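Okay, so here's the structure we're looking at.
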Amino acid sequence: MNSQSAALKVLMVEDSPADADLILHSLRDLPCPVEHALVASEAALREALASFDPDIILSDFSMPGFSGQEALSIASEHAPDVPFLFVSGTIGEELAIATLQRGAIDYVLKDNLRRLPLAIERALDIARNRRERAQMERALRESEERFRTIVENSQDWIWESDQSTRTLYSNGAIARILGYAPDELLGTLASEHMLPEDRRMMEERLPRLAAEARGWERWRLRWRHRDGSVRVLESTAIPRMDENGEVVGFRSIDHDITEHLQQEAKIAQLARIHAVLSALGSAILRTRERQLLLDRVCRIAVEQGGFKAACIGLATEETGLRLAASHGDPDVIAYIARLSEQPPVRVRTGIRALRGGKPVIVGDIGRSKLEPVLRDALLQVGVAAQVVLPIGTPPWAVLGLFSVAAQEFDKDELGLLVRLAHEIDYAVDFIAKSERLEYLAYHNPVTDLPNQIAFQQEVAARLAQGPLLVAVVELASSGRIIESRGREFGEGVLRMVGQRLQAEVGPSVIVAHPGEYSFLLAKSVLGSVQQEIESLGALLRALDDAPYEIEDEQVFLHLNCGVALSPEHGTDGETLERNATVALGEALKRKTRIEPFNEGLHERATRRIELERDLHRAFAENEFELWYQPKFNAVDQRLLGAEALLRWRHPQAGLVSPAEFIPVLEDTGLIVQAGRWVMRTALDTVLAWRALGHAGLRIAVNVSARELRNLRFLDECRDLLEPHAADQLLDIEVTESLLMDDIEHSIRLLQSLRAMGCRIAIDDFGTGYSSLNYLARLPVDVIKIDQSFTAQLAHSPETMGLITNIISLAHSLSLKVVAEGVEEEEQAKLLRLLRCDELQGYLLGRPMPATQFAERLL
């Protein structure tokens, strides 16, 4: 029954309908309505227990063929929580007691039914109390089981003891923490496993704590692990009381903080070494004398690093090491000084570090394999750990650091210590080079040749003596050599070039090295200008022909040169050098060995400077336009799309030729910004065309070398193109020679672009030198035949044969072919006969703005 307002469900086991009515009549005094079911047989009772779900059972004691005791047995088996009352005419006292013992709650005589309502309420109360008690007992068992599970699975050691720390209980964590099974500790004194000094401290405090009925909190106690190692446990405990309130022991939970303390110690040690490095950096800035620096290093190591002593030994031929600087414990320093006066012995840590060029670490001298004499001597002066660091490559000194406590140095700490040795080496080298500051102010540190300042001063003096030739010489491909072999190798190349230049031209010619990969020459003009240039050209050829031997390798270099002469090209050193640099740019562009300066170059240089300035403004003023040249299906002349071409409308000069401004964009790096604009604008255009119903149109955009080398290129393409990957609108065109610069990088890059839905086209196909070797590997979809081949198609059988082979090769690789530069109907007919897929050129459509493209073709 759920509440007083709900009906009380009474199951009556009674064979007399008249008695059943009397019983029901007596239940009117109950505070709730009654719903009843009447059964008189075993089968009926079993069915009613299953279907009726009674709140109470009232049963006659004796019935024909079915007794009340049988009813009680069935009810006890199938509904043990439902209270059972006997309501009978007669029942003996012994039988009544027996029924109560078997589970009946009460019995009421039929001639005293006035007592029945009270008996029912009492029975319901008893049943309810039983249920609640059962629930509490079940909850208690679950709680005890839950607590036992938590305790047994805790990573902390939970244990109970008497007042003398004799163990009464221990969870399983003790096996992981101290290496003992819980049973091994029962009945033993837990404090026996503490370090002696910690055990004494606990034994002194426990009586007072017991007397005051207090526990302890966050005691850090050191325990001896079964394997002999020491573990630090943080212990918190409360007292255990007996029924009289007397303390009989303690209940404790101990957390293993060993690794935490080790980590704290490591962090503190790293902080000390960082402090040493920081202080050393400050000392380097203030110190200008080598000995003073070495003394300060030792003092900083002791005061900032917390070492007992620090010593620096310099390499010598006689003793191996000579004590040059020290600070710290006098006994340690005196011992190291005595060692430095003895002949070098390989077993000494300092000699090992010096000769091996690697740090030597003895983390625990007491357990080390050092020679007994060395080990005992260090322990006698209070040194428990030692680190010896070689200084320099090859080592010219060692730094010895001595500690009072044994400690291991991990990878991070060792890295900082090695860095400390490097800083010392750098500082000493810096001080040594400070004496050369005056020299370096006028010389290049790599080649020791005069620098630009010295060159200009010398040129100014020479100009007063007569006509002068100034040349700027640059090493072509030097950047690739240095990038591929490293800075040291590249500097070796520059030194050898400078030495050979100076040797070839003689002492009368000024040879300077302003920096990077260029050299400056200045010589008096003794013959005609042509003779001087021919002489200089012969010199460059000789330098090119002879290999440079560096690190057991032969390296061949190519030198380019620009020349300016006074007074024709300038009357001061700065002007002559600038004009010679302009001429060098022309030599690099034309791929000639030597170029003299002329006014045409000056005008082009001036024009280029103006273009670069105006291009920066063009981005801000939105002066760029995108024009589109259509592409058609070669068979049915159906419009397939267009190639986007960048145009610049200068506010004064009008449209500027792409051949003039595109190279400037490339050289200045502005091509990356321009490329992003082209791609966004082309995408907006083709989206607008498709919105007008021209589905399937695609626009191709050209990508430059600078864009492909840009680290953000792929990320920016993803942001722009991935939303259209399922039906991509843009194609990417890259030149054949660009792909060949780094074929593996090109393959990875093109695969990423294709994953965004782009089609990849190789532009200017046939003009490269090795693409046929890689064409099968490159993830491309289209090859574009260069317009130089298309122009010769109708006039050259060789060109026709080449184009035929290109188309056949492409189709065998499932690639489409686009012919560029189609300007004559004869070319278009031949290309259709050769099964070219797409045509592009002036015959079919010139580049035009987007609005004009839409009006004419869409």
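For Ile609, the conditions (1) in contact with a Leu (Cβ under 7 Å, 6 or more places away or on another chain); (2) open to solvent by 30 Å² or more (accessible area, probe 1.4 Å); (3) not charged (D, E, K, R) all hold with the exception of (1).
Of Leu834, Leu809, all but one fail to be at pLDDT below 95, within 17 Å of Asp636 (Cα to Cα) and either surrounded by 14 or more Cβ atoms within 10 Å (Cβ to Cβ) or not acidic (Asp, Glu) (or both); the exception is Leu834. Has the range 757-765 got any residue that is at positive phi, open to solvent by less than 40 Å² (accessible area, probe 1.4 Å), modelled with pLDDT of 85 or more and not in a strand (DSSP E or B)? Checked the range 757-765: at least one residue is at positive phi, open to solvent by less than 40 Å² (accessible area, probe 1.4 Å), modelled with pLDDT of 85 or more and not in a strand (DSSP E or B). Assessment of the range 431-452 against the conditions (assigned to a helix (DSSP H, G or I), touching a helix residue (DSSP H, G or I) at 6+ places or on another chain (Cβ under 7 Å) and open to solvent by 60 Å² or more (accessible area, probe 1.4 Å)) yields no matching residue.
Residue by residue, here is whether (1) surrounded by 13 or more Cβ atoms within 10 Å (Cβ to Cβ); (2) of a type outside the set (A, V, I, L, M) holds:
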| residue | (1), (2) |
| --- | --- |
| Ala353 | yes, no |
| Pro359 | yes, yes |
| Arg367 | no, yes |
| Pro372 | no, yes |
| Leu378 | yes, no |
| Val381 | yes, no |
| Ala385 | yes, no |
| Val388 | yes, no |
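Among the criteria (1) in a helix (DSSP H, G or I); (2) among the acidic types (Asp, Glu); (3) closer than 28 Å to Asp29 by Cβ, the one Glu137 does not fulfil is (3).
The residues of the range 588-624 that are hydroxyl-bearing (Ser, Thr, Tyr) and closer than 28 Å to Arg647 by Cβ amount to a single one, Thr606. Being under 42 Å from the mean Cα position of the chain (by Cα), over 20 Å from Cys717 (Cα atoms) and surrounded by 13 or more Cβ atoms within 10 Å (Cβ to Cβ) is a description that does not apply to Val686.
Scanning the range 92-111 for residues that are in a helix (DSSP H, G or I) and in contact with a helix residue (DSSP H, G or I) (Cβ under 8 Å, 6 or more places away or on another chain) yields Thr99, Arg102, Lys110. Residue check: is Ser340 open to solvent by 30 Å² or more (accessible area, probe 1.4 Å) and either modelled with pLDDT of 90 or more or of a type in the set (Ser, Thr, Tyr) (or both)? Against the criterion (open to solvent by 30 Å² or more (accessible area, probe 1.4 Å) and either modelled with pLDDT of 90 or more or of a type in the set (Ser, Thr, Tyr) (or both)), Ser340 does not qualify.
When you scan the range 52-63, do you find a residue that is over 18 Å from Leu8 (Cα atoms), in contact with a helix residue (DSSP H, G or I) (Cβ under 8 Å, 6 or more places away or on another chain) and surrounded by fewer than 21 Cβ atoms within 10 Å (Cβ to Cβ), even just one? Yes, there is a match, as at least one residue in the range 52-63 is over 18 Å from Leu8 (Cα atoms), in contact with a helix residue (DSSP H, G or I) (Cβ under 8 Å, 6 or more places away or on another chain) and surrounded by fewer than 21 Cβ atoms within 10 Å (Cβ to Cβ).
Evaluation of Gly89 against the conditions (1) exposed (fewer than 15 other Cβ atoms within 10 Å of the Cβ); (2) at pLDDT 85 or above; (3) in contact with a Lys or Arg (Cβ under 9 Å, 6 or more places away or on another chain); (4) within 15 Å of Ile23 (Cα to Cα) shows that the sole unmet condition is (2). Candidates Leu576, Leu526, Leu536, Leu588: the one that is more than 50 Å from the chain's Cα centre (by Cα) and open to solvent by 20 Å² or more (accessible area, probe 1.4 Å) is Leu526. Whenever a residue of the range 202-229 is touching a residue at least 60 places away in the same chain (Cβ under 8 Å) and under 18 Å from Arg166 (Cα atoms), it has no partner that is open to solvent by 80 Å² or more (accessible area, probe 1.4 Å) and among the charged types (D, E, K, R) lying with C-beta atoms less than 6 angstrom away and at least six residues away or across chains. List every residue pair whose Cβ atoms sit under 6 Å apart, with the two residues 6 or more apart in sequence or on different chains, where the first one lies in the range 17-43 and is under 18 Å from Leu113 (Cα atoms) and the second, anywhere, is of a type in the set (S, T, N, Q). So the pair list comes out as Pro31/Gln4; Cys32/Gln4. Would you pick out the residues in the range 178-190 that are part of a helix (DSSP H, G or I) and either surrounded by fewer than 17 Cβ atoms within 10 Å (Cβ to Cβ) or at pLDDT 85 or above (or both)? Leu178, Pro182, Asp183, Glu184 - these are the residues of the range 178-190 that are part of a helix (DSSP H, G or I) and either surrounded by fewer than 17 Cβ atoms within 10 Å (Cβ to Cβ) or at pLDDT 85 or above (or both). Note on the range 652-683: residues that are assigned to a loop (DSSP other than H, G, I, E, B) and either of a type in the set (Asp, Glu) or surrounded by 15 or more Cβ atoms within 10 Å (Cβ to Cβ) (or both) total 0.
Hey, does the range 706-721 have a residue that's part of a loop (DSSP other than H, G, I, E, B), within 30 Å of Leu858 (Cβ to Cβ) and open to solvent by 70 Å² or more (accessible area, probe 1.4 Å)? Checked against the condition, which is being part of a loop (DSSP other than H, G, I, E, B), within 30 Å of Leu858 (Cβ to Cβ) and open to solvent by 70 Å² or more (accessible area, probe 1.4 Å), the range 706-721 yields no hits at all. Just so you know, in the range 550-571 the residues that are open to solvent by less than 60 Å² (accessible area, probe 1.4 Å) and part of a loop (DSSP other than H, G, I, E, B) include one that is nearest to Ile510 (Cα to Cα), and it is Ser566. Pairing each residue of the range 91-111 that is closer than 13 Å to Ser62 by Cα and in contact (Cβ under 8 Å) with a residue 24 or more places away in the chain with any residue that is open to solvent by 30 Å² or more (accessible area, probe 1.4 Å) and assigned to a strand (DSSP E or B), provided the two are 6+ apart or on different chains, yields C-beta distances under 7 Å for Ile91/Tyr107; Thr99/Tyr107. Contact map, the range 48-68: residues that are free of Cβ contacts under 8 Å to residues at least 40 places away in the same chain paired with residues that are open to solvent by less than 20 Å² (accessible area, probe 1.4 Å) and assigned to a helix (DSSP H, G or I), Cβ distance under 8 Å, separation 6+ or inter-chain. Pairs shown: Leu49/Ile74; Leu49/Ala75; Ser62/Gly68. In this structure, is Pro31 touching a Gly at 6+ places or on another chain (Cβ under 9 Å), open to solvent by 10 Å² or more (accessible area, probe 1.4 Å), at pLDDT 80 or above and not in a helix (DSSP H, G or I)? Here the answer is no, as Pro31 does not meet what is asked.
Only a single item in (1) among the aromatic types (Phe, Trp, Tyr); (2) part of a helix (DSSP H, G or I); (3) within 29 Å of Lys308 (Cβ to Cβ) is not met by Phe455, and it is number (3). If we keep just the residues of the range 215-253 that are of a type in the set (D, E, K, R) and over 21 Å from Asp156 (Cβ atoms), which is surrounded by the most Cβ atoms within 10 Å (Cβ to Cβ)? Here the residue is Glu246. State the number of residues belonging to the range 837-857 that are part of a loop (DSSP other than H, G, I, E, B), open to solvent by 10 Å² or more (accessible area, probe 1.4 Å) and touching a Gly at 6+ places or on another chain (Cβ under 9 Å). Selection size over the range 837-857: 1. Exactly one residue out of Arg114, Arg128 is over 60 Å from the mean Cα position of the chain (by Cα), in a helix (DSSP H, G or I), more than 18 Å from Ala75 (Cα to Cα) and modelled with pLDDT of 85 or more, and it is Arg114. Return the residue satisfying two criteria in turn: it lies in the range 689-701 and is surrounded by fewer than 21 Cβ atoms within 10 Å (Cβ to Cβ) and in contact (Cβ under 8 Å) with a residue 60 or more places away in the chain, and of such residues it is nearest to Ala620 (Cα to Cα). My answer is Arg698.
The values are calculated or read from the model by the stated rules, or taken from the named source; none is laboratory data. These numbers come from a predicted model, not from an experiment. Ideal geometry is used to build each Cβ from the backbone, glycine not excepted, and the neighbour counts take in all protein chains shown. The accessibility values were calculated without ligands, DNA or RNA, using every heavy atom of the protein model including side chains. Shrake-Rupley method; radii C 1.70, N 1.55, O 1.52, S 1.80 Å.
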